Amino acid sequence: MTTGQEIESILAVDAGSVTTKAMLVDLVDGVYRLVARGEETAGTSDSREQLLAGVEGIVQQMEAATGRQLWDPNDGLIMPEREDGQGVDALAVATSALPPLRVVIAGLIQSLSVEQARQAVEGAYAVVQDVVALDEGEQRWGASRGIEAKLEALCQTPPDVILLAGGVNGGAVSPLLDVAQILVALASVLEPLQRPMVILAGNEEARTPVAELLADLYPFRAVDNVMPDLETQALGGVQRELERLYIERGATRVPEIAELQALGTAAQGSAPLVSAAQAFGTLIRFVERRYNLAHGVLGVDLGGANAHLVAATRGGTRSLLRSDLGTSYGLQQLLSQVSIEEILRWLPFDMSADEARNRLLTRELYPASLPQSREDLFLEQAAAREALRLALAGLAASEQRQAGAKGLLPPLDMIIASGGALSHAANPGQAALLLLDALQPVGLLQLVLDPLGILPALGAVAAVQPLAAAQVLEQDGFLELGTVVAPVGAARLGDIALKCKMTYADGSTVQVDVPFGSLEVVPLPQGQTATLELRPTRRFDIGWGSKGRGGKIEVKGGAVGLIIDARGRPLQLAAQPTNQQARVQEWLWSMGG
């Protein structure tokens, strides 16, 4: 394989469910930079089949911008780069355009192995079609639901995967064999081509006897036990296998994905096709390690069909991927999980429930369309808040030990966010407010935006040339929105929650008394730093050990500035719609939106 030092230019493609993006990375004065980018949108889900033509169109955009030929009409992408500078050395492709895997979890104990298996599935492009646990009492297989009913349900809509989990390593084998016998019966009524992949992620002692029962009947894989002992969680084996199967099955279902990947086979430096979720997770873990963050970083990628959260800390990485939430294809699913009133509470104006619902469903019919009015823009942002709120609740539920007080986020050093609803915002303040409302972070942290939507593509680049991903990320990838101070506590509205004094590099100062219930922005431009002195009152904690404890810290500026969110945690919303609309408008004005 070509060594990383020999790769100078990389074409990175992020094939999404709504938008396909591509970027050209090249060495400029010895540093990898983003040289050009482009994107194409699809009008309907069927337009995924036009992916290759879309990539060719994006490449033509970049050719026009750079004066450099990248695509040969007869042979496709030119690789490797020629001596005259035409073409590229490598291709990196990430995708979220493939259908999610449908998974049935079959396990022993609902609160243990089944829950661990569910968490593993929630970190991949997959949806849980059904869950069956042998400890379900009257609801277990063979009891009141009946094995016949379960077999009939699976025969009508066979899943892509049956995930078999249960038992700690070295424990009893017979319970897993009981479940395996049920799968033997299922195989007898399914045509061979209908039979799903069976992944065993339970007691390792059961591998051989379970394989003897199932390996001749189903595609079969054994991976690491998701719960090797009662104190340990090991989800990586299942998630890697689901990732592999997602790409393998998806490339079969959407042939142009395979054709796109095949463009890079001539270049030895090119990387295998990866999911956008894996690529995004790679970038978030890189940021956590690169900056040696004390509390960690939360990555947020809200796409047209998926919501992906990745929390990377010194204690490890947790992720949740909801393939049923998004800001275009996922809107009908969102409306089945939240009331329209929950979405309307984020609007600064009155809109009827019927009108809001109709606008959202119309948006799903035309997923590539952009908001055409102020009302559409704020409605998209309102739906995005609820989608992120649901995803965050799932992430917190998947690891209760990591959740903060009252289900809040634990302290973080940084939130990095990507997605159309954020990049469509009229200004950085709107994007920042969306994140603050949906995620409700606490303490002191940086808000960072991926305005060009390049982070998944950069994650794919990292597999080809890690240095290129790092340098483009730092030079071209981030828009720093600003530093956030979010005290935790409660008081009467209007009582002082926090006093702050900002000393700028030129020696000038600004002092602000921040009342409880307010949202304040103190100017601090991007690229500048200042010394911030914080004095919370005795009822408020800013994450420095106790209520009322203050101190000094150096803070970085951003496109919004220093944001002091003293609205309380959890955020209290007004009961009356007109009062809540007035509050939202007030918050928007505070953030410059």
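Report the extension gain between N579 and Q60 in nm, rounded to one decimal, defined as 0.36 nm multiplied by the number of residues separating them, less their alpha carbon distance.
Values: separation 519, 0.36 × 519 = 186.84 nm, distance 5.07 nm.
181.8 nm is the gain from fully extending N579 to Q60.
Using only Cα positions of the range 269-401, each an equal point scatterer, no hydration layer, compute I(q)/I(0) via Debye at q = 0.21 Å⁻¹ and quote the log10 values to two decimals.
-1.15
Whole percent per 5 Å bin, from 0 to the bin with the longest distance: what is P(r) over all C-alpha pairs of the range 473-593?
2, 11, 19, 21, 19, 14, 8, 4, 1, 0
Name the residue from Y246, I109, Q119 whose Cα lies farthest towards the positive end of the charge dipole of the range 101-249, charges +1 on Cβ of Lys and Arg and -1 on Cβ of Asp and Glu.
Y246
Which value in Å does the Kirkwood hydrodynamic radius of the chain take, with 1/r averaged over all unlike C-alpha pairs and then inverted? Don't skip to the answer; put the middle values down first.
Values: mean 1/r = 0.0390 Å⁻¹.
Computed over Cα pairs of the chain, the Kirkwood hydrodynamic radius comes out at 25.6 Å.
With a 10 Å Cβ neighbour count serving as the proxy for reagent exposure, in which order, fewest first, do D506, D178 appear?
On the way: D506 8, D178 14.
Going from least to most buried by this count: D506, D178.
Tell me which of L395, A92, S369 sits at the most positive position along the dipole axis of the chain, charges placed on C-beta atoms (Lys, Arg +1; Asp, Glu -1).
It is L395, whose Cα lies furthest towards the positive end.
Given +1 on the Cβ of Lys and Arg, -1 on the Cβ of Asp and Glu, and no further charges, what dipole in debye does the chain carry about its Cα centre, rounded to the nearest 20? Working shown, then result.
Details: 46 positive and 69 negative charges, 457 e Å.
Using only the charged Cβ atoms, the result is roughly 2200 debye.
If Lys and Arg each add +1 and Asp and Glu each add -1, what is the summed charge of the other residues whose beta carbon sits under 11 Å from the beta carbon of I10?
Values: positive: none; negative: E8, D26, E81, D89.
For residues surrounding I10, the net value is -4.
How long are the semi-axes of the equivalent ellipsoid of the range 405-550, defined as square roots of 5 times the Cα gyration tensor eigenvalues? Whole Å, largest first. Don't skip to the end; give the middle numbers.
Values: eigenvalues 194, 64, 43 Å².
Equivalent-ellipsoid dimensions as semi-axes: 31, 18, 15 Å.
Roughly what percent of Cα-Cα pairs across the range 101-249 reach past 29 Å? Don't skip to the end; give the middle numbers.
Numbers: 720 of 11026 pairs.
Here the long-distance tail beyond 29 Å is 7 percent of all Cα pairs in the range 101-249.
Across the chain, how many lysine pairs, 8 or more positions apart or on different chains, have C-alpha atoms separated by under 18 Å? Please give the number. It would help to have the intermediate numbers written out before the result.
Values: K406/K547; K499/K547; K499/K552; K501/K552; K501/K556.
Within the chain, the lysine pair count is 5.
When the helix-only estimate is applied to the chain (DSSP H runs of n ≥ 4, each -39,500 (n - 2.57), divided by the residue count), what is the mean residue ellipticity at 222 nm, nearest 500 deg cm²/dmol? Mind showing how you got there, number by number?
Numbers: 17 runs with 191 residues, N = 593.
After summing the helix terms and dividing by the residues of the chain, the value is -10000 deg cm²/dmol.
For a quick check: sort R389, R318 by the number of other beta carbons within 10 angstrom, fewest at the front.
Fewest-to-most ranking of R389, R318: R389, R318.
Could you list T20, T529 in order of exposure, starting from the residue whose Cβ has the fewest other Cβ atoms within 10 Å?
Numbers: T20 27, T529 13.
Taking fewest neighbouring Cβ atoms as first place, the list is T529, T20.
Mean Kyte-Doolittle hydropathy of 0.0 or higher plus an axial Cα length of 27 Å or more: which whole DSSP H helices in the chain meet both? Numbers along the way, then the final one.
Working: long enough: 374-398 (36 Å, 0.31).
Both cut-offs are met by 374-398.
What spacing in nm lies between the two simple spin-label points modelled at L479 and R549, each 7 Å away from Cα in the Cβ direction?
In this crude spin-label approximation the distance works out to 3.7 nm.
At 0.36 nm per residue, and after removing the present C-alpha to C-alpha distance, how many nm does the segment from Q372 to T157 gain when stretched out fully?
Details: separation 215, 0.36 × 215 = 77.40 nm, distance 3.91 nm.
Stretched out fully, the Q372 to T157 stretch lengthens by 73.5 nm.
For the range 327-375, state what percent of all Cα-Cα pairs lands in each successive 5 Å bin, counting from 0 Å until the bin that includes the largest distance.
Bins of 5 Å from zero give 5, 20, 31, 28, 15, 1 percent of pairs.
The numbers here are math on the coordinates, done by the rules we state, and not lab data. Since the structure is predicted, the reported quantities are computational estimates derived from the model, not experimental observations. Heads up, the Cβs are rebuilt from the backbone with ideal geometry, glycines too, and the neighbour counts pull from every protein chain shown.
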